[in-house]
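The values are calculated or read from the model by the stated rules, or taken from the named source; none is laboratory data. Only a predicted model underlies this, so the values are computations on that prediction, with no experimental measurement involved. Because the Cβ atoms are built from the backbone with ideal geometry, glycine has one as well, and the counts that use them run over all protein chains shown.
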Amino acid sequence: MSDPLIEVKQVYKSYHRDSREIPVLQDISLTVSQGEFLALQGPSGSGKTTLLNLIAGIDHPDSGTIRVAGIELDSLGESDLARWRAQHVGFIFQFYNLLPVLTALENVELPLLLRPLSKKQRREHAEFALQVVGLTDRMHHYPRQLSGGQEQRVAIARAIVTDPTLLVADEPTGDLDKASALEILNLLSRLNSEFSKTIVMVTHDPRAAERAHKVRNLDKGVLV
């Protein structure tokens, strides 16, 4: 562990539904070190995904500050924030979000289209990412030709292909059977231990939470 990579200080977040204000996060303060693997747990509606989205720069807090890699996210305009996300954050979702008309290799290449790389360089980067997740033999398959676990590994390859500062995972094993979930957890643990990737993961799965260095629980928008 080293210096803090993520610093969340006194963050509040609420949403408006009709004329009602619905508080989601209340006075959240959290520090995540470089190289740490953090799991966020709590019941549905506790604010886990909202906090993950704030850390990833997808959403903005009502008040408080969020700094990631020394950058205060609320100081960035929308275009700068989009560039920051593309450079620093790899996203892993529950339902993979692969494009069905593209092969595994083409799906993994997508984030690299924003980089000043040649076609050959993009392919080399994508092939290496697929090698890391153990899917070089499936690179020319389409999502419909892959199992759920394989699709999630393609999604993880897409998340790491730009060598991001931070990986955020929202229920990465939530749609998988037990064996496939174990493969994904082993892969995340390896990315953390061998590649020193900082990971913040939302999960309901106690087996997934056990892989983390630290587990924080949210209840009704409060860290407990």
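Is it fair to say Ile22 is among the aliphatic types (A, V, I, L, M), assigned to a strand (DSSP E or B) and at pLDDT below 90?
yes
In the stretch 2-44, which residue that is free of Cβ contacts under 8 Å to residues at least 60 places away in the same chain and on the phi > 0 side of the Ramachandran plot is surrounded by the fewest Cβ atoms within 10 Å (Cβ to Cβ)?
Asp18
Within the stretch 78-117, how many residues turn out to be at pLDDT below 90, outside any helix (DSSP H, G or I) and over 14 Å from the mean Cα position of the chain (by Cα)?
The qualifying residues number 3.
Tell me which residues, restricted to the stretch 105-131, are in contact (Cβ under 8 Å) with a residue 12 or more places away in the chain, surrounded by fewer than 16 Cβ atoms within 10 Å (Cβ to Cβ) and among the basic types (Lys, Arg).
Arg115
Of all residues in the stretch 167-219, which are in contact with a Phe, Trp or Tyr (Cβ under 6 Å, 6 or more places away or on another chain) and surrounded by fewer than 16 Cβ atoms within 10 Å (Cβ to Cβ)?
His213
If you scan the stretch 157-193, which residues turn out to be of a type in the set (D, E, K, R), under 24 Å from Arg122 (Cβ atoms) and touching a residue at least 24 places away in the same chain (Cβ under 8 Å)?
Arg158
Which condition breaks for Leu102 when tested against (1) surrounded by fewer than 13 Cβ atoms within 10 Å (Cβ to Cβ); (2) farther than 20 Å from Thr203 by Cα?
So the condition that Leu102 fails would be (1).
Taking the residues in the stretch 87-99 that are within 16 Å of Glu171 (Cα to Cα) and among the polar types (S, T, N, Q) as candidates, determine which candidate is surrounded by the most Cβ atoms within 10 Å (Cβ to Cβ).
Gln94
For the stretch 13-54, which positions are among the hydroxyl-bearing types (Ser, Thr, Tyr) and in contact with a Phe, Trp or Tyr (Cβ under 9 Å, 6 or more places away or on another chain)?
Thr50 - this is the single residue of the stretch 13-54 that is among the hydroxyl-bearing types (Ser, Thr, Tyr) and in contact with a Phe, Trp or Tyr (Cβ under 9 Å, 6 or more places away or on another chain).
What residue, among those in the stretch 45-66 that are under 14 Å from the mean Cα position of the chain (by Cα) and closer than 18 Å to Leu5 by Cα, is surrounded by the most Cβ atoms within 10 Å (Cβ to Cβ)?
Leu51
Identify, from the list Gly149, Gly134, the residue that is of a type in the set (Gly, Ala, Ser), modelled with pLDDT under 95 and buried (at least 18 other Cβ atoms within 10 Å of the Cβ).
Among Gly149, Gly134, only Gly149 is of a type in the set (Gly, Ala, Ser), modelled with pLDDT under 95 and buried (at least 18 other Cβ atoms within 10 Å of the Cβ).
Take Ala159 and decide whether it is within 26 Å of Tyr142 (Cβ to Cβ) and either more than 13 Å from the chain's Cα centre (by Cα) or not basic (Lys, Arg) (or both).
Details: within 26 Å of Tyr142 (Cβ to Cβ): yes; either more than 13 Å from the chain's Cα centre (by Cα) or not basic (Lys, Arg) (or both): yes.
So Ala159 passes the test.
Picking from Thr49, Thr31, which residue would you name as being part of a strand (DSSP E or B) and either touching a helix residue (DSSP H, G or I) at 6+ places or on another chain (Cβ under 7 Å) or polar (S, T, N, Q) (or both)?
The unique qualifying residue is Thr31.
Among Thr136, Thr198, which is of a type in the set (Val, Ile, Thr) and under 16 Å from the mean Cα position of the chain (by Cα)?
Thr198
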